[in-house]
Amino acid sequence: MKRGISAALVLLGPALFAGGCQGADASPKRPLGTASALPGPSSAEPGTVTAKGTFHPAATPQPGTTAFLYDTSAATASAAAELTLHSAGDHTKVTLAVTGFKPNRAYGAHLHVNPCGKDPKAAGGHFQHHPEPTATSSPSNNPTYANPQNEVWLDFTTDAEGNAKASADQPWALSPQHRPYSLVIHADETMTAPGQAGVAGARVACLTITY
């Protein structure tokens with residue numbers, strides 16, 4: 001697989017099925033590393049968003065890169081991920097599939113508040129449905145807020161080929177005013193103890209979610 005990044009975004013809402021949006025064939029083709037999108041749905045129905053890409057070493061990013069690999073010892077040169085979020089009513093389902101990571105190894109993975117960048121810290125802290133009121137710019141580690149019910153945790157263990165899948169179901173919906181903007185994969189499994197809740201080691205890779 002060529003190095004670089006390809007990202008695709010699809011927003012499906014009631015207007016699409018009602019014929020109020022252009023079809024996918026009407027959207028102009030875009031260069032590698034950008035996102036194409038249909039007109040979005042209403043805030044009450046965020047719909048389905050899919051982001052996918054091949055991780056590129058952050059030390060030498062290509063123009064337009066939105067998927068960064070920070071630890072080249074934790075994944076192969078062709079490591080990739082595909083993330084899908086479906087949010088409707090009062091429910092959100094998130095699925096993740098990864099390829100090209102180290103075999104038979106456990107990783108932490110969470111949705112974060114900011115897009116990815118060359119600096120691993122660019123993605124900010126974990127996305128929280130109910131943000132911790134007293135949280136600073138540092139990631140929250142209060143288990144009252146840093147937990148898999150209030151955040152989206154997608155920890156996975158790779159198989160012998162370095163591939164894995166994970167999913168999370170949340171009893172709340174996303175909205176254009178409050179939604180995550182990246183997936184961050186960490187070097188270790190996520191901890192849950194007070195003072196350590198949500199901690200999962202160094203940031204290995206990051207995939208931007210484009211709306």
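Filtered by the rule that a residue be in contact with a strand residue (DSSP E or B) (Cβ under 7 Å, 6 or more places away or on another chain) and assigned to a helix (DSSP H, G or I), the range 106-133 gives Pro120, Ala123.
Within the range 84-102, residues that are surrounded by fewer than 16 Cβ atoms within 10 Å (Cβ to Cβ) reach partners that are assigned to a strand (DSSP E or B) with beta carbons closer than 6 Å, at six or more positions or on different chains, in the pairs Lys93/His86; Lys93/Asp169. Criterion first (in contact with a strand residue (DSSP E or B) (Cβ under 7 Å, 6 or more places away or on another chain), under 21 Å from Ala80 (Cβ atoms) and either surrounded by 17 or more Cβ atoms within 10 Å (Cβ to Cβ) or at pLDDT 95 or above (or both)) does Ala160 satisfy it? No.
Taken over the range 174-198, the residue count meeting the criterion of being free of Cβ contacts under 8 Å to residues at least 60 places away in the same chain and either under 26 Å from Asp90 (Cα atoms) or aliphatic (A, V, I, L, M) (or both) is 5. Would you tally the residues in the range 69-95 being of a type outside the set (D, E, K, R) and closer than 22 Å to Ala168 by Cβ? Number satisfying all stated conditions: 16. Among the residues of the range 63-81, are any part of a strand (DSSP E or B), surrounded by fewer than 15 Cβ atoms within 10 Å (Cβ to Cβ), on the phi < 0 side of the Ramachandran plot and not small (Gly, Ala, Ser)? The answer is no, given that none of the residues of the range 63-81 is part of a strand (DSSP E or B), surrounded by fewer than 15 Cβ atoms within 10 Å (Cβ to Cβ), on the phi < 0 side of the Ramachandran plot and not small (Gly, Ala, Ser). For the range 154-208, a residue qualifies if it is of a type in the set (A, V, I, L, M, F, W, C) and touching a helix residue (DSSP H, G or I) at 6+ places or on another chain (Cβ under 7 Å), and the qualifying residues are Val184, Cys206.
Taking the listed residues His129, His110, His86, the one that is modelled with pLDDT of 95 or more and either within 20 Å of Ala202 (Cβ to Cβ) or over 17 Å from the mean Cα position of the chain (by Cα) (or both) is His110, with no other qualifying.
The values are calculated or read from the model by the stated rules, or taken from the named source; none is laboratory data. This one's a predicted model, so the numbers in the text were calculated from it and none came from an experiment. Positions of Cβ are backbone-derived with ideal geometry, glycine not excepted, and every protein chain shown enters the neighbour counts.
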